[in-house]
Amino acid sequence: MMTTDAALMKARLAPFKDFQECVLRDIRWREFALSVDFIFNNIWDRQGGIRKDLGSRDDLVTVSFNLIQEFRFRAGLNESMCRKPELINWGINEVATIQILDDSATLEPYRSLPIPFHHAVISWEWERRIDMVFSSMLVVPERPSY
């Protein structure tokens with residue numbers, strides 16, 4: 001179920017440890033580029049450890065953000081990546097975390113609107129980063145057992 005409540009959004013990310021160390025497999029725009037789906041290969045089991053079947057199968061989870069007001073992507077490519085882009089592999093998409101920020105100055109232009117907006121940050125362990133302002137979020141596991 002889609003939620004507009006920041007605390008509930010954080011709670012829905014928590015079973016997946018905020019997607020720490022998970023690989024971002026795809027980004028898909030929908031609904032006139034007002035919604036975006038992030039498809040992750042989840043590495044965590046229900047106890048918070050790394051899945052034992054990690055190497056043998058994917059555990060895809062889609063995180064959907066809706067009514068996108070802003071979307072900023074910084075690739076953060078370093079000198080060696082620019083010189084030899086053919087050496088870049090799947091590891092570039094290993095995410096550090098997803099955060100939902102409530103008191104961000106980024107939200108100021110949207111405070112007068114009739115619905116709440118939130119600031120999400122998808123960050124990596126280097127300068128790669130996505131910042132989004134959105135209204136609602138949904139987390140959909142491939143296997144709905146979470």
**Item:** Positions within region 100-139 being farther than 22 Å from Asp37 by Cα and of a type in the set (S, T, N, Q), in sequence order
**Value:** Ser104, Ser112
**Request:** Could you tell me whether Ile27 is surrounded by 15 or more Cβ atoms within 10 Å (Cβ to Cβ) and out of contact with any helix residue (DSSP H, G or I) (no Cβ under 9 Å at 6 or more places or on another chain)?
**Result:** no
**Item:** Restricting region 1-42 to residues that are in a loop (DSSP other than H, G, I, E, B) and among the polar types (S, T, N, Q), the residue that is farthest from Phe117 (Cα to Cα)
**Value:** Asn42
**Hits in region 43-77 (condition: touching a residue at least 60 places away in the same chain (Cβ under 8 Å) and part of a strand (DSSP E or B))** = Leu60, Val61, Thr62, Val63, Ser64, Phe65, Asn66, Glu70, Phe71, Arg72
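Out of all the residues in region 87-107, is one or more more than 17 Å from the chain's Cα centre (by Cα) and touching a residue at least 24 places away in the same chain (Cβ under 8 Å)?
We begin by selecting, within region 87-107, every residue more than 17 Å from the chain's Cα centre (by Cα); these are 87-89, 103-107.
Checking which are touching a residue at least 24 places away in the same chain (Cβ under 8 Å) leaves us with 106-107.
Within region 87-107, one or more residues are more than 17 Å from the chain's Cα centre (by Cα) and touching a residue at least 24 places away in the same chain (Cβ under 8 Å).
Rundown of residues vs (1) at pLDDT 95 or above; (2) in contact with a Phe, Trp or Tyr (Cβ under 6 Å, 6 or more places away or on another chain); (3) surrounded by 12 or more Cβ atoms within 10 Å (Cβ to Cβ); (4) acidic (Asp, Glu), yes/no style:
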| position | (1), (2), (3), (4) |
| --- | --- |
| Gly76 | no, yes, yes, no |
| Ser80 | no, no, no, no |
| Val95 | no, yes, yes, no |
| Ser104 | no, no, yes, no |
| Val121 | yes, no, yes, no |
| Arg128 | no, no, yes, no |
| Met132 | yes, yes, yes, no |
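Name every residue in region 38-87 that is small (Gly, Ala, Ser) and on the phi > 0 side of the Ramachandran plot, in order of residue number. Even if it seems obvious, please write down each step before you answer.
Narrowing region 38-87 to residues small (Gly, Ala, Ser): 48-49, 55-56, 64, 75-76, 80.
Gly48, Gly76 - these are the residues of region 38-87 that are small (Gly, Ala, Ser) and on the phi > 0 side of the Ramachandran plot.
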**Scope region 36-48; condition surrounded by fewer than 18 Cβ atoms within 10 Å (Cβ to Cβ) and at pLDDT 90 or above; matching residues** = Asp37
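The values are calculated or read from the model by the stated rules, or taken from the named source; none is laboratory data. Nothing here was measured: the structure is a model prediction, and the numbers come from that model. FYI the Cβ positions are ideal-geometry reconstructions off the backbone, even for glycines, and counts take in every protein chain you see.
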